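Worksheet: the structure to be examined is printed underneath.
The values are calculated or read from the model by the stated rules, or taken from the named source; none is laboratory data. Computed from a predicted model, the values in this text were never measured in an experiment. All Cβ positions, even for glycine, are placed from backbone atoms using ideal geometry, and neighbour counts span all protein chains on display. To get the accessible areas, we keep the full protein, side chains included, count just its heavy atoms, and leave off ligands, DNA and RNA. Shrake-Rupley method; radii C 1.70, N 1.55, O 1.52, S 1.80 Å.
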Amino acid sequence: MPRAQPIKAARGVRDILPATIPLWRQAEQGAADVARRFGYQEIATPIIEQLELIQRVGEDTDAVAKELYRLDKRGSQELALRPEATAGVVRAYFEGGLNQGPQPSRLYLIGPMFRHDKPQKGRYRQFFQFNVEVIGGASSGFDAEVIELALGWLNEVGVQDLRLELNSIGDGKCRPAYLGRLTEYYRPLKSSLHADSQLRLERNPLRLLDSKVAQDQPFKAGAPKITDYLCDECAAHWAAVRRLLDAAGIEYQHNPYLVRGLDYYTRTVFEFYPGGASGQQDALASGGRYDGLAEAEGWPSTPGVGFAGGLDRVVELIAAKGDQAAVKPAADVLVLPDGDFAVEAAEVARICRSVRSTAVDYEPKSLAAKMRSANKLGVKFVVLLTPEDAARRSARVRDMASGEQTELEWVELPTRLA
RNA sequence: GUGGCUAUAGCUCAGCAGGCAGAGCACCAGAUUGUGGAUCUGGGUGUCGCGGGUUCAAAUCCCGCUAGCCACCCCA
């Protein structure tokens with residue numbers, strides 16, 4: 001009989017094992033702490049949404065067009081796993097009546113997102129994001145605030161060496177004219193562009209700017225920059241955001257090629273990268289303003305700005321720095337019955353648990369073997385039970401650090417172990 | 001989605017001009033006189049990722065598949 005293949009994890013997803021849980025806690029706690037410090041409230045939305053919501057807000061993105069996890073249709077609704085959080089948060093903002101409360105709503109969310117991408121380091125099919133959204137606020141102050149919050153989070157969790165890239169992509173008033181100029185510039189060069197970029201020229205010229213294909217690079221420098229074509233309102237907003245960042249002492253680089261491919265994105269866009277790295281899948285956080293999103297979802301036009309931070313990548317950075325917290329033992333106390341009396345051992349453990357975390361070694365191994373594993377577990381105390389001890393409701397407590405061993409009554413255990 | 005590299009014990013890996021499956025660590029048992037750490041002794045715990053092919057003979061050569069890593073694309 002051939003043995004069956006063991007069933008492994010699905011492709012591109014991974015387990016977070018006990019040893020790395022502290023790192024995740026650190027990243028999540030840091031996120032929650034900083035968000036609360038800025039006056040943001042936590043929100044949790046479902047990881048499934050109606051397909052239409054997701055498609056409305058991302059039709060032209062790879063995340064939706066190619067990488068979406070669509071669920072089998074059950075009943076009348078078509079559903080999909082969320083590839084990002086903002087669409088759902090904006091939906092919840094209206095459905096939950098947050099639009100009726102004081103404006104803006106400052107919200108944060110921590111949770112898993114799903115994209116059917118090709119797995120690689122720092123890129124997983126289920127990955128975790130820290131999302132921050134300000135909904136119902138149009139002022140430039142909010143743009144600067146979420147940038148400061150993102151930076152605060154990264155610093156809080158120990159990521160110091162960062163590069164912040166910033167740009168403005170205008171709005172529905174000024175962007176069309178700019179796109180016209182951009183297309184005019186690229187049209188004569190079309191045959192020299194990469195095939196994908198030729199397609200972009202027709203469908204989404206803005207994306208020509210963030211093409212990373214080597215073939216397209218020479219033409220970027222001569223391309224018109226959108227920040228030179230902003231309308232008065234967008235120009236004022238752009239200047240205000242930069243002024244606020246300067247005043248906050250936050251350094252940034254203006255990257256005129258930083259864009260978002262979707263129409264509902266407006267004005268501010270930004271991305272945080274780790275300082276030294278030059279890789280491609282290493283954006284730690286990215287965000288921007290999305291004044292057209294609510295409307296795209298069919299709700300009243302409402303401004304918003306926010307960012308998404310990558311927990312997986314931040315955790316990897318923390319881990320790489322190597323300042324790993326000592327792995328805490330699972331239990332402080334281990335009860336070792338020297339013989340077959342699980343009932344008494346369990347009762348002793350119950351008593352010990354009133355003061356310390358306690359586990360029991362029920363396996364029929366030699367006492368030496370049990371002591372070995374007690375040592376490996378790193379427990380502080382071992383409570384030894386011989387058959388005679390069990391009969392007279394006494395036990396021997398051994399302090400593993402000093403090797404000191406004392407015999408006492410079960411009722412005295414809490415005092416001795418406390 | 002495209003290309004390259006990789007897959008042998010629990011872990012890290014060696015073995016590859018085809019000829020009995022190995023090391024270190026880990027693990028298990030024992031000794032050190034009743035119960036751990038240090039030391040010593042003994043133990044291999046394996047469908048060589050999966051499926052086919054070539055061959056007297058395949059971990060080793062060929063093909064396919066799957067998974068991981070790296071780069072591209074893209075993104076957190």
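No other residue among A:GLU156, A:GLU95 is modelled with pLDDT of 95 or more and open to solvent by 60 Å² or more (accessible area, probe 1.4 Å) apart from A:GLU95. Just one of the listed residues (A:SER373, A:SER357) is under 23 Å from A:THR406 (Cβ atoms) and away from RNA strand B (no atom under 14 Å from the Cβ), and it is A:SER357.
Could you tell me whether A:ARG25 is in contact (Cβ under 8 Å) with a residue 12 or more places away in the chain and basic (Lys, Arg)? In short, no.
Would you confirm whether or not the stretch A:234-256 contains a residue that is in the same structural domain as A:ALA296 (by TED's automatic domain parsing) and modelled with pLDDT under 85? The answer is no, given that none of the residues of the stretch A:234-256 is in the same structural domain as A:ALA296 (by TED's automatic domain parsing) and modelled with pLDDT under 85.
For residues in the stretch A:376-397 being farther than 18 Å from A:ALA342 by Cβ and modelled with pLDDT under 90, which is nearest to RNA strand B (Cβ to nearest atom)? Only one residue fits best here, namely A:LYS376.
Given A:ARG25, A:ARG11, A:ARG74, A:ARG36, which one is more than 25 Å from A:LEU149 (Cβ to Cβ) and either more than 14 Å from RNA strand B (Cβ to nearest atom) or among the hydroxyl-bearing types (Ser, Thr, Tyr) (or both)? Full working, then the answer.
Numbers: A:ARG25 fails: more than 25 Å from A:LEU149 (Cβ to Cβ); A:ARG11 fails: either more than 14 Å from RNA strand B (Cβ to nearest atom) or among the hydroxyl-bearing types (Ser, Thr, Tyr) (or both); A:ARG36 fails: more than 25 Å from A:LEU149 (Cβ to Cβ).
Only one candidate passes the filter, namely A:ARG74.
Of all residues in the stretch A:361-395, those that are open to solvent by less than 30 Å² (accessible area, probe 1.4 Å) and under 19 Å from A:LEU413 (Cβ atoms) total 14.
Put simply, of A:GLN100, A:GLN126 the only residue that is within 13 Å of RNA strand B (Cβ to nearest atom) and among the polar types (S, T, N, Q) is A:GLN126.
Listed here are the residues, each with its yes/no results for (1) within 15 Å of RNA strand B (Cβ to nearest atom); (2) out of contact with any Ser or Thr (no Cβ under 6 Å at 6 or more places or on another chain); (3) open to solvent by less than 60 Å² (accessible area, probe 1.4 Å).
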residue: A:SER139; (1), (2), (3): no, yes, no
residue: A:ALA144; (1), (2), (3): no, yes, yes
residue: A:LEU166; (1), (2), (3): yes, yes, yes
residue: A:LYS173; (1), (2), (3): no, yes, no
residue: A:LEU189; (1), (2), (3): no, yes, yes
residue: A:GLN198; (1), (2), (3): yes, yes, yes
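For the stretch A:274-312, residues that are modelled with pLDDT of 90 or more and either touching a Pro at 6+ places or on another chain (Cβ under 9 Å) or of a type outside the set (D, E, K, R) (or both) total 26.
Anything in the stretch A:398-417 that is open to solvent by less than 90 Å² (accessible area, probe 1.4 Å) and within 18 Å of A:VAL379 (Cα to Cα)? List them, or say none. Hits for the stretch A:398-417 are A:ARG398, A:ASP399, A:MET400, A:SER402, A:GLY403, A:GLN405, A:THR406, A:LEU413, A:PRO414, A:ARG416, A:LEU417.
Considering each residue of the stretch A:407-415 in turn, none proves to be under 13 Å from A:ASP338 (Cβ atoms) and within 15 Å of RNA strand B (Cβ to nearest atom). Contact annotation: residue pairs with Cβ atoms under 7 Å, 6 or more positions apart or on different chains, pairing a residue in the stretch A:333-357 that is open to solvent by 50 Å² or more (accessible area, probe 1.4 Å) with a partner that is assigned to a helix (DSSP H, G or I), are A:ASP338/A:LEU367; A:GLU344/A:ALA390; A:SER354/A:PRO414; A:VAL355/A:PRO414; A:VAL355/A:LEU417; A:ARG356/A:LEU417. When restricted to residues that are open to solvent by 30 Å² or more (accessible area, probe 1.4 Å) and more than 24 Å from A:GLU316 (Cβ to Cβ), the stretch A:26-41 contains 5.
Residues in the stretch A:61-89 that are under 18 Å from the mean Cα position of the chain (by Cα) and among the β-branched types (Val, Ile, Thr): A:THR86, A:VAL89.
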